[in-house]
Amino acid sequence: TFLFPVDIMPLRFCLMVNKQGQTRLASYYEWMPIAERTALESEIIRKCLSRSELQCSFVEHRGYKVIYRRYASLFFIVGVDTVEENELGILEFIHALVETLDKYFESVCELDIMFNLEKAHFILDEMVMNGCIIETNK
Amino acid sequence: MSGSHLSREFFALVKAIGESKSKQEEDRIILGEIQTLKKALSNPPSADKASTSGASSKKKAKEFLIRLMYVEMLGHDGSFGYIKAVELAAAQSIVHKRVGYLACGACLSPDHEFRFMLINRLQRDLASENILDVCAALAAVVRLITTDMVATVVNDVTKLLSHQSDLVRKKAIIALHRLHQLDQANISAEDLTGHLRRILCDRDPSVMGASLCVIEKMTIKNPAPFKDLVPSLVSILKQVIEHRLPSDFDYHRIPAPWLQMKLVRILSLVGKGDKSSSEGMYAILADTIKRADTGINAGFAIVYEVVKAVTIIYPNTTLLDVAAEAISRFMSSNNHNLKYLGVTGLAMIVKDHPRYAAAHQLAVVECLDDPDETLQRKTLELLFSMCNPVNVEFIADKLLSFLKDTNDDFLRRDLTQKIVTISERYAPNQQWYISTIITLFSIPGAGELVSPSIAQNLMSLLAEGGGDDDEEEDNAMRAAAVETFVNLLDEPQMPPVLLQTLAWSLGEYAFLLDGIDLAEIVENLCTLARRPVIDDQSRRYLVTAVFKLVSQLGTYPPCAARLVDDFTTSRDPILQQSCNEFQALITSNVQLLTSVFPVDASCEDVGADSGLSIAQAYVDAALARGMNPYSPPPDGGSDSEADEGGEASKPVFNMTPYERPDTKPLQAQQAALNPSFSTSTESSVSGEGASG
């Protein structure tokens, strides 16, 4: 499916999905055709929704490791390769991302992302390039 | 702030999507949007306003593209609009340009020809005076360049590694790595490593941090070129944990946690299996783990990274103890995420240092029963690492029960493999091994994943016995296996590997089981063989088993007779053949049955009489009647040995050209038919006679 040589890329995708399963932002670090993306997104959100607060924030899905965290109505979801990634480090990265969005949008909410899709992408793209976390400095 | 800068239409779109209650409604909205966008595409804004039309049409274009991205994000195709994205990337304003590049990166597939249209644009932007343009282009390079495009930008990107802006340098090294991933010919590992070493010493920590990402990936592939970097990496890590970076690198008072994790990770990769490199890092690792212990997640993430590193590099007891202690605290925490890390960390330690497992037995079992599926899975991995001859039965049991309950293919494959591995490695005795493997076969979904060689091994094991020549013990083992199989006879679904092993075992050894009624077994096998869903190979095994049992029984039960009769007309030619043969045997030569199907003789060599001595009497009789003896043909088949003798020394191919054909009669004929036909075509008709 992936037409690029899939090298070791820590992050495969980064998603923001609300609890109705509507995708609000999707950034993929390897090419995936549209139909596959939407299928993947809906499966993952279903899995995340079925877990409780008490369970850990990591889920395995189809050969990916998925790290997620919920902020109000929005799930922030990152998919990584199953090979030896530091899940807690990624979880904290999600938090750092949210803090950054918070600062920029002054207490970010789902609507902010929707009305400023391109800006949200730009912020994310400053922090993650080629699937690597390159910037977390405020 | 939210929606005020958007056009009314866009605002309405976003509002509608946000408020939609169902997928169908959302789809309706999007399809409507697609129509609107298509119309906008075919009616470009009127060019009446001279200077502002440029700006406002770009603004419209930017909005168009964002709406297009919405369309695709919600699952619909927006390819009609891609061309606009390419156009907008050529805009002057950085805001517009970035949106153009963003849309291109998100929408254009790797084989889309529009990607090539961007090359010129990218080259211009990479060389631009405006830093923001350069940055936008570098980000686009990562998303959009394909292998055959690498050569067009590699030089520009390489030059940017020494750009004065740290933003640019940071992105350039990542982009260069991407190019290397796509095409090693244009930018080799050595070249890249050379650049990396320089950038590691960059005065800006962000740039240095970006180089670490790349170094990490390259070290995974090949640590050798980076071994001498250990002192530099140690020194950088030291500076970070001693708070010597600017304070805006702090995250909740922890200095640059992701940088710390990256550095530790690289050190672990370099130190793996390398004693001298590892010794250079013990001190800094101990220091890092101590300072990271701050009670917040980011700190724990660093601790976990160090724990991992400690288990990978050349072992050091003090560090291992520290790591084990950290794991203890993780596992006993109430926070599930930490429990998860504890289990994973423990799995890594016990692989090479099993002694640490003992203290945590209870905690591990608790995790196994935890309702959290992710935690359970990780605990299974841990169990697999901890397996030894003492606990293998318990662990195999757990793995099997999880295998039964899961529907996830990846997990099934993984567990099946693990069960096979530990059964073969740690089985306490043959009987247990056999029954475990049979159970594995019979789990729906798993039986198909087991390689057929496992089935072969099982059958060999049963046939050859335990190896210590204790016939009684061997027979007990076989009887036990047979019993298990008998209990499976009514199973509705059996994978081929199970059916075949079952059929073979019953055919060979059913008689060993006390109290068994062979006739009943035959009936069961007949029923099985008639199932339409089983594959041909399995059916043959089953029918052969029926043959064997019939031979052992000494009687020919009617169900078997019917079966054989029916299958003489089977679609499967092999089955047909064997049934026909069996029928022939049983009707005319019943006494041969026992020698054709000897009991428990699967290991004996089949003696083939290649001289066909049985036919000798016939031959002798014929010769006596005066027939000619057989004379084998001369040995002229091989062409490697040149012809014996001097004959055929002439080359086989005819090297002299054929004579030119005599075309005069033909020409005369043609002239007669068509007087205007010229004779100058003579030269084209004849050519050189081809040789051979």
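The values are calculated or read from the model by the stated rules, or taken from the named source; none is laboratory data. Everything numeric here is computed off the predicted structure, so don't read it as measured data. Positions of Cβ are generated from backbone atoms using ideal geometry, with glycine treated the same way; all protein chains shown enter the neighbour counts. The accessibility values were calculated without ligands, DNA or RNA, using every heavy atom of the protein model including side chains. Shrake-Rupley method; radii C 1.70, N 1.55, O 1.52, S 1.80 Å.
Across segment B:111-128, computed HN-Hα scalar couplings (Karplus, 6.51 cos²θ - 1.76 cosθ + 1.60, θ = phi - 60°) run 9, 6, 5, 4, 4, 5, 5, 8, 4, 4, 4, 5, 4, 4, 5, 5, 9, 5 Hz from first to last residue, x flagging Gly and Pro. Computed over the Cα atoms of segment B:468-608, the ratio of the radius of gyration to the Kirkwood radius (Rg/Rh) comes to 0.95. To the nearest 10 degrees, how steep is helix B:664-673 against the longest Cα principal axis of chain B, on a 0 to 90 scale? Rounded to the nearest ten degrees, it is 70. For the pair segment A:53-102 / segment B:244-322, the C-alpha centres are spaced 22 Å from each other. Using θ = phi - 60° in the Karplus curve 6.51 cos²θ - 1.76 cosθ + 1.60, the 3J(HN,Hα) couplings for segment B:149-157 round to 9, 4, 4, 6, 10, 4, 5, 4, 5 Hz; x is entered for Gly and Pro. Summed over both chains, the accessible area lost when B and A associate is about 6300 Å², using a 1.4 Å probe. Once the Cα atoms are used to define both axes, helix B:257-271 deviates from the longest principal axis of chain B by about 40 degrees.
Tell me, what is the FRET efficiency for A:Val98 and B:Lys275 to the nearest 0.05, using R0 = 30 angstrom and their Cβ-Cβ distance as r? Provide the component values of the computation, followed by the final result.
Details: r = 43 Å, r/R0 = 1.43.
Calculated transfer efficiency: 0.10.
Could you give the dipole magnitude of segment B:515-608 about its Cα centre, charging the beta-carbon of Lys and Arg +1 and that of Asp and Glu -1, in debye to the nearest 20?
It works out to roughly 260 debye.
Multiplying the residue separation of B:Arg244 and B:Asn43 by 0.36 nm and subtracting their alpha-carbon distance yields 66.5 nm.
For A:Phe13, nonlocal amide neighbours, meaning residues 5 or more places apart or on other chains whose placed amide H falls under 5 Å from its own, are A:Tyr29, A:Gly79. On a per residue basis, the protein assembly as shown carries 48 Å² of accessible surface, using protein heavy atoms and a 1.4 Å probe.
Would you please classify the overall shape of chain B from the alpha carbon gyration tensor, given that a ≥ b ≥ c denote the square roots of the eigenvalues, rounded means a/c under 1.5, and beyond that prolate means a/b larger than b/c while oblate covers the rest? Oblate shape, in that a/c is at least 1.5 and b/c is the bigger or equal ratio.
Taking Cβ atoms as reference points and 12 Å as the exclusive limit, the residues near B:Arg291 contribute a net charge of 0, counting Lys and Arg as +1 and Asp and Glu as -1. Globularity index of the protein assembly as shown is 1.32 (Cα radius of gyration / 2.2 N^0.38 Å, N = number of residues). Dividing the Cα radius of gyration of segment A:24-138 by its Kirkwood radius returns 0.93 for Rg/Rh. For A:Ser107 and B:Ile83, a Förster radius of 51 Å and the Cβ-Cβ distance give a FRET efficiency of 0.85, rounded to the nearest 0.05. Near the amide H of A:Val128, within less than 5 Å, lie the amide hydrogens of A:Ile134, all on another chain or at least 5 residues away, with H placed in the peptide plane.
Close amide-amide hydrogen proximity is noted between A:His61 and A:Val66, each under 5 Å apart and 5 or more residues distant or on a separate chain (H modeled in the peptide plane; Pro and chain starts excluded).
Which listed residue (B:Ile34, B:Gln181, B:Gln591) has the Cα farthest towards the positive end of the charge dipole for the protein assembly as shown, taking +1 on Lys and Arg C-beta and -1 on Asp and Glu C-beta about the Cα centre? Of the candidates, B:Ile34 comes out farthest on the positive side.
The simple spin-label model puts a point 7 Å past each Cα toward its Cβ; for B:Gln24 and B:Lys227 those points are separated by 6.7 nm.
In terms of distances greater than 18 angstrom between alpha carbons, the cross-link table entries B:Lys171/B:Lys221; B:Lys262/B:Lys308; B:Lys60/B:Lys97; A:Lys119/B:Lys262; B:Lys60/B:Lys84; B:Lys62/B:Lys97 yield B:Lys171/B:Lys221; A:Lys119/B:Lys262. Computed 3J(HN,Hα) for segment B:567-582, one whole-Hz value per residue from the Karplus formula 6.51 cos²θ - 1.76 cosθ + 1.60 where θ = phi - 60°, is 7, 5, 10, 5, 4, 7, x, 5, 5, 4, 4, 5, 5, 4, 4, 4, glycine and proline marked x. For B:Asn391 and B:Asn407, the difference between the fully extended length at 0.36 nm per residue and the C-alpha to C-alpha distance is 3.1 nm. Kindly state, to the nearest 0.05, the FRET efficiency for B:Ala561 paired with B:Arg425, given R0 = 45 Å and r defined as their beta-carbon distance. E(calc), rounded to 0.05, equals 0.45. Helix B:8-19 and the longest principal axis of the Cα set of chain B meet at an angle near 50°. Relative contact order for segment B:261-312: 49 percent, from Cα pairs under 8 Å spaced at least 6 residues apart, divided by residue count.
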